[in-house]
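Right, one structure below, let's go through it.
Just so it is clear, none of the values below were taken in a lab; they were calculated from the coordinates. Note that this is a predicted model, so its numbers are computed, not measured. Ideal geometry is used to build each Cβ from the backbone, glycine not excepted, and the neighbour counts take in all protein chains shown.
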Ligand code: HPA
C-alpha cells in the first residue's frame, strides 16, 4: 500500500491510533532514521514519527534538540515508506497578543532564521541513483511560493471549525536555530518583518518535503507568548500547555485523517 499519510508529532499523539502493525527504522543515504510506527486505520495505513526521537531506536521519547534533528533521514524515510502527505505538529510561541494560548494555527508562510541545518537533499554530491531522490548531484531550486499544502490546510481549518476550536489561519512561522529561546529584541524584529508565531522545528522539514513533492501542513499549538511579551519563557510551560491541549489535538486528528484523500488535488 503506498500513498500513505504521515504524522510527525509528540509521543502522546501516537496513542490516538490503536492498531499498530510495526515500528521500523529506515536506512537512508543520510543515516538511520528515527523510529516510524505503522498503523492501520479504516483500511488506511498511517505512519507516525516523532522528530525528537533517537535515530535507530524504537523509542518515541523526546531526546534530540531541534538543531540536531536529522530532517533528511526523517523525510526520506517517510517518503520511502510510501508517505505522500505529511501533517506536522509544532509547538510555537505567539508574537501577537490576540493569539490565544492553547489555540491552534495553520501556517501559510515561513521565515527561516536557522543557521546550521541541512536544507537540501541535492547538495552536489552524487549518492547513486535512488528511486525517491533521483540524482542528488543536480542543483535544485524548488519554488516556495506556497510552502504548505493548501488542500490539507483547508481541511484542518474546516475540521477545527466543526469542533468549534479557536484556530488561526494563514499564520507566518519564523523558525529560529535554538535551542536557546529568543531575546525580546529579536522577537520585536520578527514581528516587524511579518511573523505571527515562532518555533524551532519547521525548518528544514517543510523544504525537504517539497523537494520530494510531498504535501506538508502544520498544526501549530500556541504554547506561550514569545520573549518580552510575558515575564519569562520556560520550556516547562511549553510542555505543560502542549500536554494540556493534547486531547484537543487528538480529537482534531481523529476527525481530520479520514477526510484526507490519498489522491491529491493540490499543487504540492
Ligand atoms: N520560541 C521558540 N520556540 C518555541 C517557543 C518560543 O517561544 N514556544 C514553543 N516553541
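Quick check on segment 114-126. Is at least one of its residues in contact with a strand residue (DSSP E or B) (Cβ under 8 Å, 6 or more places away or on another chain), closer than 29 Å to residue 228 by Cβ, within 14 Å of the ligand (Cβ to nearest atom) and in contact (Cβ under 8 Å) with a residue 40 or more places away in the chain?
Yes, there is a match, as at least one residue in segment 114-126 is in contact with a strand residue (DSSP E or B) (Cβ under 8 Å, 6 or more places away or on another chain), closer than 29 Å to residue 228 by Cβ, within 14 Å of the ligand (Cβ to nearest atom) and in contact (Cβ under 8 Å) with a residue 40 or more places away in the chain.
Please go through segment 159-195 and pick out each residue that is more than 12 Å from the ligand (Cβ to nearest atom) and either in contact with a strand residue (DSSP E or B) (Cβ under 8 Å, 6 or more places away or on another chain) or part of a strand (DSSP E or B) (or both).
160, 161, 165, 166, 167, 168, 169, 170, 171, 172, 193, 194
Just to check your reading of the model, which residue among 85, 72 is closer than 17 Å to residue 260 by Cα, touching a residue at least 40 places away in the same chain (Cβ under 8 Å), surrounded by 23 or more Cβ atoms within 10 Å (Cβ to Cβ) and under 15 Å from the mean Cα position of the chain (by Cα)?
After ruling out the rest, the residue left standing is 85.
Would you check if there is a residue in segment 73-81 being part of a loop (DSSP other than H, G, I, E, B), more than 16 Å from the ligand (Cβ to nearest atom) and either touching a strand residue (DSSP E or B) at 6+ places or on another chain (Cβ under 7 Å) or over 23 Å from residue 188 (Cα atoms) (or both)?
Yes; the residues of segment 73-81 include at least one that is part of a loop (DSSP other than H, G, I, E, B), more than 16 Å from the ligand (Cβ to nearest atom) and either touching a strand residue (DSSP E or B) at 6+ places or on another chain (Cβ under 7 Å) or over 23 Å from residue 188 (Cα atoms) (or both).
Mind listing just one residue for me: the one in segment 163-200 that is more than 18 Å from residue 117 (Cβ to Cβ) and in contact with a helix residue (DSSP H, G or I) (Cβ under 7 Å, 6 or more places away or on another chain) and, of those, surrounded by the fewest Cβ atoms within 10 Å (Cβ to Cβ)?
Looking at the filtered set, the residue picked out is 163.
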